[in-house]
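What follows is a single structure, written as structure tokens, with notes after it.
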Amino acid sequence: MELLEGLSIKCVNCGGAMYVDQKTASYLCPYCGSSVPWTDENYYRELPITFRHKPVQVIDGLLKLGHVEITQPLPDNFTQLLSKEYRLRSVDDKLTLWDTTTTSAFAGSFTLEFTCPSCGATVTGVSTQNIFTCKACGNKIGVGQALKPGTYKKEYVMGVGAESVPPRAITFGISSEEAQSAARELVHTYPEAFAGQDIDQRIAQTMTAVYIPFSLSDLSLKVNVKSDRGDFTTYQEIVDWACPDTTLYDVRLLDYLDPWDFGEVTPFDPAFAEGVFRVAAIANNCSRVDIIDYLLAERIPLDLQAAFDLTTTAVVSCARDFRKHKSGSLLLPIYYVDKRAQDGARDKQVRLAVNGQTGKAAAVLLQSPTASSSLLGDVAGTLLNHTDKEIYHTITPKTHKHMSAESTIRMSPVPVRKVKAPFLHQVLPFKQSVQKHGLAKLYFWK
């Protein structure tokens, strides 16, 4: 326990406790409306996100899909940082591979306490915090020299450094207690999936608030499919889709946390973020294209099965077109429960994540393959190389959050068939789109 001198963030006009407003780079008083800039210097202003939507052209009732005309097999081998072996590591284990500075910094963190300058009560926290809240009087207390733009310690940034932290974010809209409640609701909805995982205790003791970097784009997909009901082609769009920009956290699990409301994006400096949290930097050791293909390789079959009541699906080929939004890098708020430290690759591992904006919870159950990962012969193109199916569970908040016009929209796949040039496709009922395949033997995701 270490003592700390704190500076009370009080309104000079009415004495009320002021709060941090990242958007205006100032302290605001909710009682009298006063505003005080963080410093007398001009705070840097980042350009807002420019959303570059491009609706599909419709000609005589037909979809013009030239942007996804050329399909090709999805990759069946990925970089080491997207391998199952790497995913089965904990966040801290991954950090030890390429960021020992941050590992040492968090290992050296400690509990501290100080006297509230306003009421004299004892305030406790941890050494990684910059802003504290006194539970007795509600006042905000800051660490004096740390409350300046750009002063968040680089050694606390997970990754290549503070210069690679996006300068905009969606800040946490739910508390840690609310996130824990959402995670427990998910666990109790699927109790058999979490048996033997002491998961309630892990949620209470290990859930961590983290700002994770993502890049924002619109994604279009055309997929040629083989299934137990026949062959068909689908088209799908995901508007305002957030792609993870680091592999420290399970990217496939993070993909289940949308929708996000990007109308709430604000300029962000972690030096002025309240409470205990972590920040991950943008990683440059894995390409964005690889991450997108990796996510699609798992997600497309599951979306198809849910949309068309299929038992088995094989993605023969796929065309993907992504339109990145300008200045679309940002941090998203996520509560994360990592695997147990004692769990090895052969054990069933469980990870949980909660959307820090909406309260949506998601979990993944995975373990190392027990057999060869190759499912492929010379069968109708490349498919997904999984022998062990990963299990995902999600639960949406009971209270619906109103979303702005700029929020994630994940459209269901629709069957299409090319009917004429140039690139014109007709949307069909599923039964009319299916053609029976002629192969005697197929390898499916099931």
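The values are calculated or read from the model by the stated rules, or taken from the named source; none is laboratory data. Remember, it's a predicted structure, so these values are computed and weren't measured experimentally. Cβ sites come from the backbone with ideal geometry, for glycine too, and all protein chains shown count toward neighbours.
Observations
- For the range 76-100, the candidate set comprises residues that are among the charged types (D, E, K, R) and assigned to a helix (DSSP H, G or I); within that set, the residue that is surrounded by the fewest Cβ atoms within 10 Å (Cβ to Cβ) is Glu85.
- Test result for Phe277, modelled with pLDDT of 95 or more, hydrophobic (A, V, I, L, M, F, W, C) and under 16 Å from the mean Cα position of the chain (by Cα): no
- The residue pairs whose first member lies in the range 420-446 and is of a type outside the set (Asp, Glu), whose second member is at pLDDT 85 or above and part of a loop (DSSP other than H, G, I, E, B), and whose beta carbons are closer than 7 Å, counting only pairs six or more residues apart or on different chains, are Phe423/Leu65; Phe423/Glu69; His425/Leu65; Val434/Arg229; Phe444/Thr312; Trp445/Thr312; Lys446/Thr311; Lys446/Thr312.
- Residue within the range 297-309 that is in a strand (DSSP E or B) and more than 30 Å from Val126 (Cα to Cα) present: no
- Residues (basic (Lys, Arg) and in a strand (DSSP E or B)) located in the range 207-254: Lys222, Lys226
- Summed over the range 57-70, residues that are part of a loop (DSSP other than H, G, I, E, B) and surrounded by fewer than 16 Cβ atoms within 10 Å (Cβ to Cβ) total 4.
- Looking only at the range 274-306, and only at residues there that are within 13 Å of Leu221 (Cα to Cα) and among the acidic types (Asp, Glu), the one that is surrounded by the most Cβ atoms within 10 Å (Cβ to Cβ): Asp303
- Candidates Ile59, Ile70, filtered to the one that is more than 25 Å from the chain's Cα centre (by Cα), within 30 Å of Glu390 (Cβ to Cβ) and at pLDDT 90 or above: Ile70
- Members of the range 138-152 that are farther than 10 Å from Phe272 by Cα and loosely packed, with under 15 Cβ neighbours inside 10 Å: Gly138, Gly144, Gln145
- Test set (1) surrounded by fewer than 19 Cβ atoms within 10 Å (Cβ to Cβ); (2) in contact with a strand residue (DSSP E or B) (Cβ under 7 Å, 6 or more places away or on another chain) - Thr311 fails condition number: (2)
- Filter result for Phe132 (in a strand (DSSP E or B) and within 16 Å of Met18 (Cβ to Cβ)): yes
- Residues satisfying the stated conditions in the range 411-428, i.e. modelled with pLDDT of 95 or more, out of contact with any helix residue (DSSP H, G or I) (no Cβ under 8 Å at 6 or more places or on another chain) and closer than 19 Å to Pro301 by Cα: Val414
- For the range 135-151, a tally of residues being over 29 Å from Thr102 (Cα atoms) and either hydrophobic (A, V, I, L, M, F, W, C) or part of a strand (DSSP E or B) (or both) returns 2.
- Any hit, the range 81-88, residues being in contact with a Gly (Cβ under 7 Å, 6 or more places away or on another chain), more than 28 Å from Pro149 (Cα to Cα) and not hydrophobic (A, V, I, L, M, F, W, C): no
- Options Ala405, Ala440: the member that is within 35 Å of the chain's Cα centre (by Cα) and either part of a loop (DSSP other than H, G, I, E, B) or at pLDDT below 95 (or both): Ala405
- Complete set of residues in the range 339-361 that are in a loop (DSSP other than H, G, I, E, B) and within 22 Å of Ile170 (Cα to Cα): Gly356, Gln357, Thr358, Gly359, Lys360
- Number of residues in the range 278-296 that are touching a strand residue (DSSP E or B) at 6+ places or on another chain (Cβ under 7 Å) and not in a strand (DSSP E or B) equals 6.
- Scan of the range 34-56 for residues that are part of a loop (DSSP other than H, G, I, E, B), closer than 22 Å to Ile170 by Cα, modelled with pLDDT of 90 or more and of a type outside the set (A, V, I, L, M, F, W, C), ordered by number: Arg52, His53
- Taking the numbered list (1) modelled with pLDDT of 95 or more; (2) over 30 Å from Arg320 (Cα atoms) in turn, Leu219 passes all entries but (2).
- Odd one out for Thr103 among (1) of a type in the set (Ser, Thr, Tyr); (2) in contact (Cβ under 8 Å) with a residue 40 or more places away in the chain; (3) surrounded by 16 or more Cβ atoms within 10 Å (Cβ to Cβ); (4) part of a helix (DSSP H, G or I): (2)
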